[in-house]
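Since the structure comes first, as structure tokens, the remarks are kept for the end.
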Amino acid sequence: AMNSISTTASQQLILTTRNLREVVHPLIGDAYHKTLKDVLRIFVQDPRITAARITSTNGWKVTTGPWPDASTDITHWTLDEQGIHATGKLDLARPTLLTEPFLHDGKTYHLELIINGPYLRGQVRTTAIHSVATAWLLLAVLTLAGLLALRHWLTSPLQRLGKLTATHASAPAFDEAADELVGEFGQLAHALGRMLRHIDKVTDTLRQREQAFSHLYQFAPAAMLSIGTDGRITDANRRAAELLHLSDEQSLHGLPVLDFIAPRDRAAFRQAIDRLQLDRQHHCELQLIIDDQPRDVAVQLAGVLTAEQTLSEVRLALVD
């Protein structure tokens, strides 16, 4: 639970940093120094962020909030400009320097935030304790209900049904047990037999649909791609190969998807993927570069999450 909550906090900070970068990007320059400082001051009001600044390689700098000195024990965390995930992690034991590099007029700038790790650790600990307490309370209630139920039921019928279940008995075996058992146990055995028949029927239906969906994916009118956390293509259909002028869909496997996106739209594409951390689906319009020729497409994005609610894969549907 602690890891899951910490991961969620990291994802929110990544999205906040990317959004702040998009806000300050057009304000770079001495003419907007005060406006840029006011924008940073608004974000520093967030208790998770104690200080913020923007620096460039030529010494230009705008700072808001108490910036720690060189002797402060601090963890460094840099966002990956090329991929769709950040490298490194948030440190909850001490302050973290979160750095986001970006380009403006051919120069490299760095958006830097000081993240209050101890404050986030307190939030994570409070949420985790509440989750654990709720889980233990639910477990206690279920245990008490089970003990009360056992007092009113005979153990022999339960053992017989349990043995049939453990040995993965067929539906006729449950029907035979239902004829010999009385009362609710007989009804339960009948219900289990009906359920097994229904499961067999559903399994056959799902197998047929799986074959149909596989055929539909390959011959879909829209170009469909899947990309991993490193931004490389892991799967594609035939329409995608045709759209990108490749011989077959296997030729796309392992290629960076950013190589096909116009440089001006790459930031928008990464921001659309960041949105999938909070929304499972997102839509955007991009320009592709195919054989050195631009091509406008509409993109529907869908995120695939792990059990820990982290983004493991992104599905793309492209329509030109």
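The values are calculated or read from the model by the stated rules, or taken from the named source; none is laboratory data. Owing to the predicted nature of the structure, the values given are computational and were not obtained by experimental measurement. Cβ placement follows ideal geometry from the backbone for every residue including glycine, while neighbour counts extend to all protein chains displayed. Quick note on the areas: whole protein, heavy atoms, side chains included, nothing else; ligands and nucleic acids left out. Shrake-Rupley method; radii C 1.70, N 1.55, O 1.52, S 1.80 Å.
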Worksheet item: Any idea of the accessible area per residue across region 220-312, 1.4 Å probe, to the nearest Å²?
Response: 50
Item to complete: Work out from phi, with θ = phi - 60° and the Karplus expression 6.51 cos²θ - 1.76 cosθ + 1.60, the ³J(HN,Hα) of each residue of region 234-239, listed in order in whole Hz, and give x for Gly and Pro.
Response: 10, 7, 7, 9, 5, 5
Worksheet item: For the chain, rounded, prolate or oblate, judged on the Cα gyration tensor with a ≥ b ≥ c (square roots of eigenvalues), a/c < 1.5 rounded, else prolate if a/b > b/c?
Response: oblate
Item to complete: Check each of the trypsin sites (Lys or Arg not before Pro) in region 264-320 and keep only those in coil by DSSP with at most 16 other C-beta atoms within 10 angstrom; list them in order.
Response: Arg280
Worksheet item: Quick one: with all protein chains in place, what share of the accessible area of the chain is carbon or sulfur, to the nearest percent (1.4 Å probe)?
Response: 57
Worksheet entry | Cβ-based net charge around Leu301, under 14 Å, with every Lys or Arg adding one and every Asp or Glu removing one | -1
Worksheet item: Which distance in nm do the two modelled labels at Thr229 and Asp38 give, with both placed 7 Å along the Cα-to-Cβ direction?
Response: 4.0
Item to complete: Using a 10 angstrom cutoff on alpha carbons, build the Gaussian network for the chain and name the most mobile of Lys163, Lys89, Lys37.
Response: Lys163
Discussion item. Please check: in the Gaussian network model of the chain (C-alpha springs, under 10 Å), which one of Trp60, Trp77, Trp136 has the largest mean-square fluctuation.
Written reply: Trp136
Discussion item. Shape verdict for region 170-264, please, from the Cα gyration tensor: rounded (a/c under 1.5), prolate (a/b greater than b/c) or oblate.
Written reply: prolate
Fill in: Potential extension, Cys284-Ser156 segment - 0.36 nm per residue separation minus Cα distance
39.9 nm
Item to complete: Name all residues of region 160-183 having a backbone nitrogen under 17 Å from the label point set 7 Å from the Cα of Lys201 along its Cα→Cβ direction, giving them as ranges.
Response: 171-172, 175
Practice prompt. Based solely on C-alpha atoms, express the radius of gyration and the Dmax of region 235-320 in angstrom.
Written response: 13.1, 41
Worksheet item: Over the chain, what is the relative contact order in whole percent, taking alpha-carbon pairs under 8 Å and six or more residues apart?
Response: 12
Fill in: Where labels lie 7 Å past Cα in the beta-carbon direction, separation of Leu139 and Leu216 in nm
4.2
Response to the item:
Residue by residue through region 13-25, the couplings from Karplus 6.51 cos²θ - 1.76 cosθ + 1.60 with θ = phi - 60°, in Hz, x for Gly and Pro, are 5, 4, 5, 4, 5, 5, 5, 4, 4, 5, 6, 7, 3
Worksheet item: Any idea which of Ala145, Ile227, Leu161 is furthest toward the positive side of the dipole for the chain, if Lys and Arg beta-carbons carry +1 and Asp and Glu beta-carbons -1?
Response: Ala145
Item to complete: Note down the relative contact order for region 183-261 as a percent, whole number, built from C-alpha pairs under 8 angstrom at least six residues apart.
Response: 20
Worksheet entry | Gained length - Asp80 relative to Asp30, 0.36 nm times residue gap less alpha-carbon distance | 15.3 nm
Practice prompt. Figure the gain on full extension for Val132 and Ala173 (residue separation times 0.36 nm, minus the Cα-Cα span) and round it to one decimal in nm.
Written response: 10.7 nm
Worksheet item: Tally Lys and Arg at +1 and Asp and Glu at -1 over the other residues with C-beta under 13 Å from the C-beta of Thr64: what net charge comes out?
Response: +2
